[in-house]
Structure formats: structure tokens, C-alpha cells
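Quick notes on the structure that follows.
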Amino acid sequence: MTGFVKSLLTDHVPADDVSARALMGLGPRSEDSGDLRQLQLAPLRGKGKLRLWMGIGMALVAAFTMVTRLPWGLAGGWLTTALLFSLWSSRSFAVLPLGDPKLSSASIFRLCHRHALYSALLWSAPFWFEGVSPTLGHVLSLWPIALLMMLTLAMVAHSLPLACALFILPVSVSAGAALVLAGAPQLAVIALVAGLLLCGFCIRFAQNHIRFRRAEETLHEKTETVSLLLREFEETSADWLWQTDNSRRLVHVSPRLAFAFGASPDALEGMPLLQALAGDAWETGDFPKSLHDLAERMKRRESFSNLIVPVTIGGKSHWWELSASPRLDDQGKFLGFRGVGSDVTEQRASAEQIARMARFDNLTGLPNRLSLHEDLGRALAHAQGMKARCALMMIDLDRFKAVNDTLGHPTGDQLLAQVATRLKSLMGSDMTCGRLGGDEFAVVLHDVSSASEAEAIAHRIIAVLSRPYVVDNHQLFVGASIGYAMGPQDGATVETLTRNADLALYKSKDKGGNVVAPYVASLHAQAEERRVMEQELRGALERREFELYYQPVVTAEDGTLNGFEALIRWNNQTLGNVSPARFIPLAEDSRLIAPIGEWVLRNACAEAMRWPSNLKVAINVSAEQLTDPKFASLVVSALAQSGLPPQRLEIEVTESVFLRDGGGAAQLLDQLIALGIRLSLDDFGTGYSSLGYLRKTQFSTIKVDRTFVVGAAKGHTESIAIIRAVVALADSLGMATTAEGAETEREVETIRSLGCSNIQGYYYGRPMPASDVLTLFRPPESRSIAAA
């Protein structure tokens, strides 16, 4: 609204002159538009007596001049006529609404012209009272009086140039003709020129009058409009108007302004504006910077706009936006300030919230990527300037995706919030932690003495973040992988250091999680190798580069073959033979494990149908596959397609399935058990071994890792005790045990002596292609497999 008011006050007022033809009413009727005639007639309103006495006075002067040269009867007769005409003319106009916009002015306009012409005839006649050859003295005695009459008329009726001309021109022509006949042609020319100039002046005066009156009316309309708008603004707007005198004291305090200050108008009247704004700080002089700025601007009498100042009212902090301009009188004297104010506390709070959202993570309250990059930039600048070191740690939560996939994003969000709380609790004064997005966090170490100190901090972070979490009655386990880079030696810019720390993070994740990895230059080559491997892996299924190998599993008592474990192999035309330990983690990270796992499942089931019916096939399933709720349907489809009985299929899972899942995997495994499929717990004892897994899920087999087999064969009491405990546990729960990685006769004998049910390892057979497996069945199916 303020912009509209400003435009009203500053818009250009039209000042084009009205044409002389329009003023005199000689043009087309279309030129008599608007309020022109009313504006021309308005100056005559209230001047009837002036015109009357002017006519009487001039007539008396002319009669006294003529009485000395003319007969009394002639002079008296003219005087009587002039007086009667003046009375009649004054009476005719006295009853007319001159300039009234509600009535038509055309007839009054024409009446003025007629009376002017009548008056011209009356005043032209005396020049010829001595006859057609008047004396020069007679003419010269009347001409000044007539000229004075013309000037007076021009002043009184200048807004009606035609009426002036209808009087001036006939009188001037009559006087000029009389002067010519009286023998003074030079004076005649002067009389005519004077009459013409006077007519021209009347036209110009009329134009100026019309222009001034129109501008005056326009300005009056705008002033009224502004007054109405300001009144409405003051009454309905949340803003308020304020005004000071030349001493910067509040004057004309409105109720709305008083309400904003929380005081009465009388209490604020005469109070310095700065005192009212400063509140209790007025006594101490401890003003905010914005109030000092306001004081300086008012001291220099400068306009200001949208100046934000803090105000404390009733113990509550507010923010006001003030705008004002100095007031000056007609002589340019400073009168004070007039302005407008508004409470922008809510808008400022919203702006601060938006600014915070742009720099902080909404879920955890931690600094976001932008804030961390700025902080890292400051840390690098300080390190370079002080010949010191800084560090950037990239943190990725292990097993977080399974929580999101199985328990939903709300649970995942609560978990992230708890992670952020733990991370903040570890931060010192020279550390900054933040969330980069998803389950990825970062820590900036501003001043770190060495890489070993950074690594020690990283291990403390992993230890704290790996403790169990409780979210909505779910106990959740997540770990953390950390990669870090030291600045400025590992990167002198934010971008370089961030990229290198990210490479270190990839390295730590490749090592299996819960690992700290520093940046080394060789990681660039490894990252490129990983990129190429992922690119090749995406087309491996289509190019039929995968092949399944099968490793025998035998009974420990007599070495009888009871099944095979299917193991995938990848022979790529570019990379050659790639170890599963390299490409399986990459397949999981790149979301390729699902199609590869489906291929393994379908091909292993189909191949097992070519074996004797008493042999089982074991298939490794990753935790990523078990997060897919459609996995059970996929298993059913593979069994139906191949015709393999469910009892001949064994699914091998690791403890990580339970660590990264909130219960969804256990439910899925229960569905598989209900189908008759056997379950095997792989690598038991190497991770977060928990009897809870065995209680919740009915495993058919527990597999003992090779590390315990080797240790037991060497006589290590810890390994022997662990194997005995696992065997005893499995026997009590009705489960079998399979010892992995048996390669020597001593290891096989040790395993048998400890009571394991089954043995798998190079001693009985290396992984072999499907064609080699078929050759084993040419002899009778019941034969034992000889030692390799």
C-alpha cells in the first residue's frame, strides 16, 4: 500500500495548455469537454458586487470627464444608461450558479459573451458624442478611462478570454477610429496594439488559470485519497505510522503505535524515539548496533528504509522494521521525521528458521554438507597458515539399510537421531560433526597432531556407535565404517580432501565394516579398479560369465558324501578370474546381488536334480537378498521350476543377517522352514555370536569356521573348547555341525574326535564344475569318496 501512496504523491500532474480556440468556445463542441466551462466561470462566483461597483465607478468617472465638453443631457443620458446596464447585468448574474459542476454552463457562458458585447457598445459610444470628427482632446480624455476599464475587466474576468475580447476589441477599434479622425493616427495604432496585446494576455492568463486549477484539483483529489488510505492503513493494518519533531521526540502518537509499545499515547508523547525503542538499555547506553545506526541516520537527517531494530516490550524480544523520511517546511527547514513501522518478529523467526534449515540437518540437528564444507575450509586455512594438521572423517553406518527396509523409514529416522546424539557426545571443542545425507556422517578435526590421533578418535567413534540401540522396542545393531584423510597433505582444498576421505571410506567398507581406513595414494587406482569391475559386473549375467562350482560335504564318521555347497565363480574377458571375495561385496553395494543370487538359486536347484536323490545342495544367501520380501516366492519358483524337493535345498546365512535386521529376515527364514527347506548358520562364532539366533530360528546345521578347525588341530585350548561347546549346543538343539576348511588328515581326525557331524574342505574335495560332479556318480551311489 505504501508504494501506491508514494505513486499518488509523485505522479506527474498533467500541465498541457488548453487551446485558445477551446477557451473562447470557437472550436467543435467536442473540445468543450470535462469541466472546462465550470473552471472558467468559477472565478466570477462571489464577485457580483465588485463588477457592479466597478461599472458604476467607471461610468461616473467617464461622465464627469464628458460633462466639461458635452451637453449635460447627453452625458447624463449615457450615465443613466450605464448605471441601469450595470444594475441589470449584476442582477442577471447574481441568481446564476456560476461554475456549479452539477449544472450546464453553456448557456451562462454565452450570457457572459452577450453582456460583454453590450458593455462594449455602451463604452464605444462616448468617443463619437462630438460627431464623426471628434476633437483629439475629447478622445484622449476618454481613452485612458476606457483602457482602465479594459484592464479591470481583464483582471476580473481573465478566465473568459472571449468575453474580454468582445469588450476590448470593439472599444479599442472605436477609440482607434476616433483618434484617426482626430488627426492622431500614431495614437490610433497604439490603441489598437494595446487592445490586441490585452486580448492575448487574457488568453494566456486563462490558460494558466485552467492549468493551475486542474493541477490544484488533481492534487486535492490525491491528497484526499492519500488521507483516506492512511486512515484505513492506520485502522486496519498491522503496521503503524510514527512522527517526530526536530528534536527526534515522538509527536502525534497514534493508538496503534502506543499499543505496539505497550504504553499509553500520553506516556509516549514527547519521548525520544530512541529511548522508546531502547527500553531499559536507555539508561546504560548499551544499545544494539542497529539502534546506533538508526541514531546516526536521524542525526544526519537521512531517509532510511526497512531498517531492522530489536525492541524489548514487556520482557519479550521483538524485531521492528522502520522506514522514514525527513519532513521539511516550504523554506526547507527541518521539522522532524515521518515514517512507518511494523513488527516483523514472526517473519524474522521464519527467515532464521529457513537459514538454519539451509545449513543444518532437519532430522538430527547436525550441520549439513554445506556447513561441514565451510567448517572444513576454515580448518584447512588454519592448518595451512599455522603449519598444522586437520582431518576429515567420513562415517557410514553398517547394516542401516536393512533397518530401513524391514522396519520402515520412521524407525530408521529415530535410529539416525540416536546416532547423531552419540556422535555429538564425542565431540570436543576442536571437532565438528555433521550429517552428509542418508546414513553418512562426517567429522572435522580442526587441530590434530598426527594420523594416529585421528585413528584413535575414529576407533572411539566406532565403539560408541556400535553399541545396541533400542527403537520402538526393537533392539538394533549397527556398526560404522570410517575413512579419513589428513589435511593439507592428503588434500589442500575442501573438494580434494573430501574426495580422498570418501575413497578411504570405500576401503573401510570393503574390509567388512567396523573398520577405520586412512587415505593412501593407491586408493585412486583401487577406486578405478572398483569402477571398472562394477561396470563389467553389470553385464556379466547377460554375457554368461558366471559359473557354479560345487564343493563336497561328507559325514565325519565314514566320509560318505551327503551334499555339495554351490560356490559362484566369475571369469571376465577383461579382468580374468575374479575372486568372490572381491565381487560379492561390490555386487551387494551396487544392488546387483539380487539378480545374481536368483541366477545361483535357479541353476543350483536345476543341477541338483541331476544328482542322486539323497544329496543336498547348499546355497549362500546374503543379507541383502533376505531384505527382499519376495525372496520366499523366488525360492518357491526355483523349486517348482527345477522339481527339486524342498528337503534337498539348504540355505546358508551368516549372523550379519540378524545384526542388520529388526526381525524381517527371521520371519522370512521361518517361511522357508515351513516349506521344508533346511537352514544352515554359517561362520558361527566369528561375529556377534548369540544364542538368541538359535532360539528364534530352527537351524538344521551350524557351521564351524576354519579358524577354529586350524586352531584345534594345533592344540589351542580356546579353539578346542569353542568347537566342543558348539557341538554340545547343536546336539542339545537337535542340529548337525559342519566343520569348514579341513585340509589335512590331522584336522579331519581332530574334528571327528570333537564330535562334528559333517566335514567340508580340500581334504575331501576342492570346488569343482558341474560336469566333474557328474563323473562322481558313475560308480554306485553308495560308495565313499576317497581322500583327495
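The values are calculated or read from the model by the stated rules, or taken from the named source; none is laboratory data. This is a predicted model, so every value here is computed, not measured. Virtual Cβ from ideal backbone geometry, glycine too; neighbours counted across all protein chains shown. Each accessible area value is taken on the protein alone, full model and side chains, heavy atoms only, with ligands, DNA and RNA left out. Shrake-Rupley method; radii C 1.70, N 1.55, O 1.52, S 1.80 Å.
The conditions of being at positive phi, touching a residue at least 12 places away in the same chain (Cβ under 8 Å) and not assigned by the TED database to the domain that holds Glu588 are met by Asp472.
Would you be able to say whether some residue in the stretch 597-605 is open to solvent by 30 Å² or more (accessible area, probe 1.4 Å), over 18 Å from Asp682 (Cβ atoms) and part of a loop (DSSP other than H, G, I, E, B)?
No.
Remark: pairs (first residue in the stretch 39-60, of a type in the set (Lys, Arg); second residue modelled with pLDDT of 75 or more and in a helix (DSSP H, G or I); Cβ separation under 9 Å; 6+ apart in sequence or on different chains) = Lys47/Val156; Lys49/Ser90; Arg51/Ser86; Arg51/Ser89; Arg51/Ser90; Arg51/Leu153; Arg51/Val156. Against the list (1) closer than 15 Å to Val311 by Cα; (2) at pLDDT below 85; (3) not hydroxyl-bearing (Ser, Thr, Tyr), the condition Arg211 fails is (1).
Yes/no per residue for (1) of a type in the set (Asp, Glu); (2) open to solvent by 20 Å² or more (accessible area, probe 1.4 Å); (3) assigned to a strand (DSSP E or B); (4) closer than 29 Å to Cys756 by Cβ:
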position	(1), (2), (3), (4)
Asn562	no, yes, yes, yes
Asn577	no, yes, yes, no
Ile584	no, yes, no, yes
Glu588	yes, yes, no, no
Pro595	no, yes, no, no
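Whenever a residue of the stretch 159-174 is in contact (Cβ under 8 Å) with a residue 12 or more places away in the chain, its partners that are among the hydroxyl-bearing types (Ser, Thr, Tyr), lying with C-beta atoms within less than 7 angstrom and at least six residues away or across chains, give the pairs Phe167/Ser119; Pro170/Ser124; Val171/Ser124; Ser174/Ser124.
The criterion of at least 3 residues that are open to solvent by less than 30 Å² (accessible area, probe 1.4 Å) and farther than 23 Å from Phe583 by Cα is met by the following strands (runs of 3 or more DSSP E) wholly inside the stretch 468-526: 479-487. Just wondering, is there one or more residues in the stretch 121-143 that are in a loop (DSSP other than H, G, I, E, B), closer than 25 Å to Gly73 by Cβ, open to solvent by less than 40 Å² (accessible area, probe 1.4 Å) and at pLDDT 80 or above? Looking for residues that are in a loop (DSSP other than H, G, I, E, B), closer than 25 Å to Gly73 by Cβ, open to solvent by less than 40 Å² (accessible area, probe 1.4 Å) and at pLDDT 80 or above, one finds at least one in the stretch 121-143, hence yes. In the stretch 326-338, the residues that are in contact (Cβ under 8 Å) with a residue 40 or more places away in the chain and of a type in the set (A, V, I, L, M, F, W, C) form Cβ pairs under 8 Å with partners that are assigned to a loop (DSSP other than H, G, I, E, B) and open to solvent by less than 100 Å² (accessible area, probe 1.4 Å), at six or more places apart or across chains, as follows: Phe334/Asn246; Leu335/Asp245; Leu335/Asn246; Leu335/Asp329; Phe337/Arg248. There is at least one residue in the stretch 610-617 that is under 60 Å from the mean Cα position of the chain (by Cα), more than 30 Å from Ser508 (Cα to Cα) and open to solvent by less than 60 Å² (accessible area, probe 1.4 Å). State whether the residues of the stretch 759-771 include one that is surrounded by fewer than 20 Cβ atoms within 10 Å (Cβ to Cβ), of a type in the set (A, V, I, L, M), at pLDDT 90 or above and in the same structural domain as Val600 (by the TED database). Checked against the condition, which is being surrounded by fewer than 20 Cβ atoms within 10 Å (Cβ to Cβ), of a type in the set (A, V, I, L, M), at pLDDT 90 or above and in the same structural domain as Val600 (by the TED database), the stretch 759-771 yields at least one hit.
Out of Ala175, Ala82, one residue alone is among the aliphatic types (A, V, I, L, M), part of a helix (DSSP H, G or I) and at pLDDT below 85. It is Ala82.
In summary, Asp396 fulfils each of the numbered conditions (1) without any contact (Cβ under 8 Å) to a residue 24 or more places away in the chain; (2) acidic (Asp, Glu); (3) buried (at least 21 other Cβ atoms within 10 Å of the Cβ) with the single exception of condition (1). All of (1) within 15 Å of Ile619 (Cβ to Cβ); (2) modelled with pLDDT under 90; (3) open to solvent by 30 Å² or more (accessible area, probe 1.4 Å) hold for Leu675 with one exception: (2). In the stretch 376-399, of all residues being in a helix (DSSP H, G or I) and in contact with a helix residue (DSSP H, G or I) (Cβ under 9 Å, 6 or more places away or on another chain), the one that is nearest to Val515 (Cα to Cα) corresponds to Leu376. Taking the stretch 263-375 as the region of interest, the strands (runs of 3 or more DSSP E) fully inside it that hold 1 or more residues being touching a Pro at 6+ places or on another chain (Cβ under 7 Å) and surrounded by fewer than 16 Cβ atoms within 10 Å (Cβ to Cβ) are 316-328, 334-343.
So which of Leu98, Leu9, Leu103 ends up being part of a helix (DSSP H, G or I) and modelled with pLDDT under 65?
None of the others qualify; the one that does is Leu9.
In summary, Gly711 fulfils each of the numbered conditions (1) assigned to a strand (DSSP E or B); (2) closer than 23 Å to Arg766 by Cβ with the single exception of condition (1).
Taking Ala402 as meeting all but one of (1) at pLDDT below 90; (2) open to solvent by 30 Å² or more (accessible area, probe 1.4 Å); (3) not in a loop (DSSP other than H, G, I, E, B), write down the number of the exception. Going through (1) at pLDDT below 90; (2) open to solvent by 30 Å² or more (accessible area, probe 1.4 Å); (3) not in a loop (DSSP other than H, G, I, E, B) one by one, Ala402 breaks only (2). In the set (1) open to solvent by less than 10 Å² (accessible area, probe 1.4 Å); (2) touching a residue at least 40 places away in the same chain (Cβ under 8 Å); (3) within 28 Å of Ile108 (Cβ to Cβ), the condition left unmet by Thr152 is number (1).
Among the residues of the stretch 438-467, not one is part of a helix (DSSP H, G or I) and on the phi > 0 side of the Ramachandran plot. Going through (1) open to solvent by less than 60 Å² (accessible area, probe 1.4 Å); (2) modelled with pLDDT of 90 or more one by one, Phe684 falls short only on (2).
Go through the stretch 609-628 and report how many residues are part of a helix (DSSP H, G or I) and in contact with a Phe, Trp or Tyr (Cβ under 8 Å, 6 or more places away or on another chain).
Going through the stretch 609-628 one residue at a time, the tally reaches 1.
Is at least one residue of the stretch 540-556 open to solvent by 30 Å² or more (accessible area, probe 1.4 Å), among the acidic types (Asp, Glu) and assigned by the TED database to the domain that holds Gln647? Among the residues of the stretch 540-556, at least one is open to solvent by 30 Å² or more (accessible area, probe 1.4 Å), among the acidic types (Asp, Glu) and assigned by the TED database to the domain that holds Gln647, which makes the answer yes.
Kindly establish whether Ala383 is open to solvent by less than 20 Å² (accessible area, probe 1.4 Å) and within 30 Å of the chain's Cα centre (by Cα). Taking the combined requirement at face value, the residue does not satisfy it. Would you pick out the residues in the stretch 638-655 that are touching an Asp or Glu at 6+ places or on another chain (Cβ under 9 Å) and in a helix (DSSP H, G or I)? If the condition is that a residue be touching an Asp or Glu at 6+ places or on another chain (Cβ under 9 Å) and in a helix (DSSP H, G or I), then Ala638, Ser642 are the ones that fit. Of the numbered criteria (1) closer than 24 Å to Leu294 by Cβ; (2) not assigned by the TED database to the domain that holds Met271, the one Phe360 fails is (1).
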